[in-house]
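Here is the structure we will look at, set down as structure tokens.
The values are calculated or read from the model by the stated rules, or taken from the named source; none is laboratory data. Bear in mind that the values here come from a model prediction, so they are computed numbers and not experimental data. Cβ: placed from backbone, ideal geometry, glycine included. Neighbour counts: every protein chain shown.
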Amino acid sequence: MGYRPHRLSRDSGQVGSVGSGLVPVHLLQREDIGVQGLDRPGEPIKVDLLVGNGAAVQDVERRQPHGKKVLITTSVEHPEGSNGEESSLRTALKHSAAALKRDGVPFALGGSYALWAYGGPEPEHDVDLVVPEGAVQAAKDSLAAAGLEVEQPPEDWLFKAYLDGELVDVLFRLSGVEVNQAMIEDASEMELLGVRIPVLPPTPIMIAKLRSLSEHYCDFGALLPVFRAVREQLDWPAIAAASEGHPFAEAFLFLLDRLGIGGPPSPAVAQSNPS
């Protein structure tokens, strides 16, 4: 097998040979990745475009493909746009809640946005509203009149409404439990984003999340920061009682107990640890 010269980019000098032997080659020189000689402290550092567009270590840790660059910054991300404008998901929340209030439809804010009102992390995917089952048609008419695109999916426990591509889920059952007027009346009215909105207490929301865990969806990692954020506002005995007989919910409560996050363990956990 013959040898042939190999040249690197615009460099006219020979770098190495391609053949059966292995030749150590220094491909990256100081001028490619280092600080330029004229750079002074406090001035921006020019980075070669090839290096700047490469995948960082965080790309792998965040499970991002190498083709997608992940920017790492020390600044705190805000849900508003870069120019301080309100996020479109917040706009969907305000618009839909204002429409239901204006038309006298009984409702309450539920899901992750309700937990956000109590100090949990702000969701990024959708808004959850709950209405009594008897008020479903009135809620559909109200949101449609307000300009939202209403859609009835195959599921028989909610309907969906869209505003500028943002999703508002309107639920009338929570993990098989019918939303009734008493549940709506148990909501606390809170001022969110400049609008007075009834908000479900965190305990029934957490119970619904735990009872929805199954073989098909069991993401403990998504639940941990939420429970940690609102743990002091939860009725832990009620959560333990509602989780009895649901193995995934009981397993999560056991995890919370071991991490020192939760309150009293579920009855199944207590029986397995009599001490």
Name the residues in the stretch 226-254 that are in contact (Cβ under 8 Å) with a residue 40 or more places away in the chain, surrounded by fewer than 18 Cβ atoms within 10 Å (Cβ to Cβ) and of a type in the set (A, V, I, L, M), would you? ALA229
Could you check the stretch 163-181 and list, in sequence order, the residues that are in a strand (DSSP E or B) and exposed (fewer than 15 other Cβ atoms within 10 Å of the Cβ)? VAL177, GLU178
Might you let me know whether the stretch 213-225 holds any residue that is crowded, with 16+ Cβ neighbours inside 10 Å and closer than 27 Å to GLU151 by Cβ? yes
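Table: residues versus (1) at pLDDT below 95; (2) under 19 Å from PRO204 (Cα atoms); (3) in contact with a helix residue (DSSP H, G or I) (Cβ under 6 Å, 6 or more places away or on another chain).
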residue	(1), (2), (3)
GLY221	yes, no, no
VAL226	yes, yes, yes
GLU232	yes, yes, no
PHE248	no, yes, no
LEU259	yes, no, no
GLY262	yes, yes, yes
PRO265	yes, yes, yes
ALA268	yes, no, yes
ASN273	yes, no, no
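For every residue, the table says whether it meets (1) at pLDDT 95 or above; (2) of a type in the set (A, V, I, L, M, F, W, C); (3) not assigned by TED's automatic domain parsing to the domain that holds ARG228.
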site	(1), (2), (3)
GLU122	no, no, yes
VAL127	yes, yes, yes
GLU133	no, no, yes
GLN137	yes, no, yes
LYS140	yes, no, yes
ALA146	yes, yes, yes
GLU155	no, no, yes
LEU158	yes, yes, yes
Within the stretch 187-202, is even one residue modelled with pLDDT of 95 or more and assigned to a helix (DSSP H, G or I)? yes
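Any idea which residue in the stretch 118-137 is nearest to ALA187 (Cα to Cα), counting only those that are surrounded by fewer than 19 Cβ atoms within 10 Å (Cβ to Cβ) and touching a helix residue (DSSP H, G or I) at 6+ places or on another chain (Cβ under 9 Å)?
In this case the residue turns out to be GLY119.
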Can you find even one residue in the stretch 151-159 that is crowded, with 16+ Cβ neighbours inside 10 Å and within 16 Å of TYR113 (Cβ to Cβ)? yes
